[in-house]
1. If I filter the stretch 70-98 down to residues being of a type in the set (Ser, Thr, Tyr) and farther than 22 Å from residue 303 by Cβ, which single residue comes out as farthest from the chain's Cα centre (by Cα)?
2. Taking the stretch 26-60 on its own, how many of its residues are in contact with a strand residue (DSSP E or B) (Cβ under 7 Å, 6 or more places away or on another chain) and of a type in the set (Ser, Thr, Tyr)?
3. Select from the stretch 197-227 the residues that are within 20 Å of residue 288 (Cβ to Cβ) and either among the small types (Gly, Ala, Ser) or free of Cβ contacts under 8 Å to residues at least 40 places away in the same chain (or both) and write down the one among them that is surrounded by the most Cβ atoms within 10 Å (Cβ to Cβ).
4. Would you please name the residue that is nearest to residue 277 (Cα to Cα), looking only at residues in the stretch 220-256 that are part of a strand (DSSP E or B) and among the small types (Gly, Ala, Ser)?
5. Does the stretch 67-84 hold any residues that are within 19 Å of residue 305 (Cβ to Cβ) and either touching a helix residue (DSSP H, G or I) at 6+ places or on another chain (Cβ under 8 Å) or part of a loop (DSSP other than H, G, I, E, B) (or both), and which are they?
6. Would you confirm whether any residue within the stretch 278-295 is assigned to a helix (DSSP H, G or I) and not aliphatic (A, V, I, L, M)?
7. Give just the number: which of (1) more than 20 Å from residue 191 (Cβ to Cβ); (2) in contact (Cβ under 8 Å) with a residue 40 or more places away in the chain does residue 106 not satisfy?
Amino acid sequence: MSREQSKRNFKRLFLAADLHGSEITFRKFLAAATFYDVDALLIGGDLTAKSITPIVQQKDGRYSTRLAGATRENLTEAELTPIEKAIADSGPYPVRMTEDDYSRYRANPDKIESLFTDRMIDQIRRWTAMAEKHLAPLNIPLYWIGGNDDKSEALLHAESTRHVHYIDEKVVRFDRDHEILGFGWTNPSPWHTPRELSEDRLQKRLDPLLSRVEDPAHCIYLMHAPPHGTGLDIAPKLDESTDPPKPVISGGQEVLIPVGSTTFREAILETQPLLGLHGHIHETKNGAKLKRSLLIDPGSEYNSGTLRGAIVNLERDRVLSYQFTSG
């Protein structure tokens, strides 16, 4: 514990969400532990990448790939290394393969999905080890959950260590006064991602967790999706008749609608936790209240390597203050 931490009579938390596999964003997140002098780190879901970027070795030994929407060809081994880093920092998994491998993957979508899952598992294990190594000397805990884009098959390999706590669908003790409820499933979206449920099924999955909370008035809800109609859930309305879905335009502007969970809204209104920490909607950077419950979503700019976060100063019975960060 630092000198500043030992003097405080409150806990300082740092929240980020929707890192989506970005290596540089995760490294910045770990560095936030000392940079902001916090007592705990939290990630509100969507840890893993959204896609794979193939790096194809040609017959002449050179490589081709895509970066930032542009094709890069005739790359030497030396030229490839910084491009692989740039891909990984922007989120996708860079995967080297031969032209024959590439053809086989394209002909068999199941093999692509299997490769994608394997890369997710590798990243979860690697990030867990990185976080434990970084946080152990500081004695600072990390609490994280999955999100709707994280495959359940990959999250099965998310194991807790002494300082890294995977708490999806769990209720854990944070300190003497506060518990944390972790929940990464979301309500349906036009993208049909791996961990979406109807509101009815969402409620059935959430209710047993709510019943385990000893003292809701002092609980922190770490939920990936924000509650409906809070201002934290404003996103473009999408036309699902197109593939992929496209934003609906009216009067030359995108139509914005609330897309949060009605189940989470009802649960928070009924139980009134001290604090709700959310993610999911990348465009949102906002705080809101549902009765006494303060809700925070830091937003996300992972694909540019920018870490967006929120510092929350927490006393026993109230949130003392909060501040958004970007860097």
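1. Here the answer is 76.
2. Selection size over the stretch 26-60: 2.
3. For the stretch 197-227, the residue satisfying everything is 225.
4. Step one: filter the stretch 220-256 for residues part of a strand (DSSP E or B), giving 220-223, 227, 234-236, 238-239, 246-247, 249-250, 253-254, 256.
Adding the requirement that they be among the small types (Gly, Ala, Ser) leaves 235, 250.
Values: 235: 18, 250: 32 Å.
Only one residue fits best here, namely 235.
5. The answer is 67, 68, 69, 72.
6. In the first step, residues of the stretch 278-295 are kept if they are assigned to a helix (DSSP H, G or I); the result is none.
No, the stretch 278-295 contains no residue that is assigned to a helix (DSSP H, G or I) and not aliphatic (A, V, I, L, M).
7. Just one mismatch for residue 106, condition (2).
Yes or no, residue by residue, for (1) modelled with pLDDT under 95; (2) over 14 Å from the mean Cα position of the chain (by Cα):
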| site | (1), (2) |
| --- | --- |
| 100 | no, yes |
| 109 | yes, yes |
| 115 | no, yes |
| 131 | no, yes |
| 135 | no, yes |
| 139 | no, yes |
| 146 | no, no |
| 153 | no, yes |
| 166 | no, no |
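The values are calculated or read from the model by the stated rules, or taken from the named source; none is laboratory data. Here the structure is a predicted model, which is why all the values come from computation and not from measurement. Glycine gets a Cβ as well: all are built from the backbone with ideal geometry, and neighbour counts include every protein chain shown.
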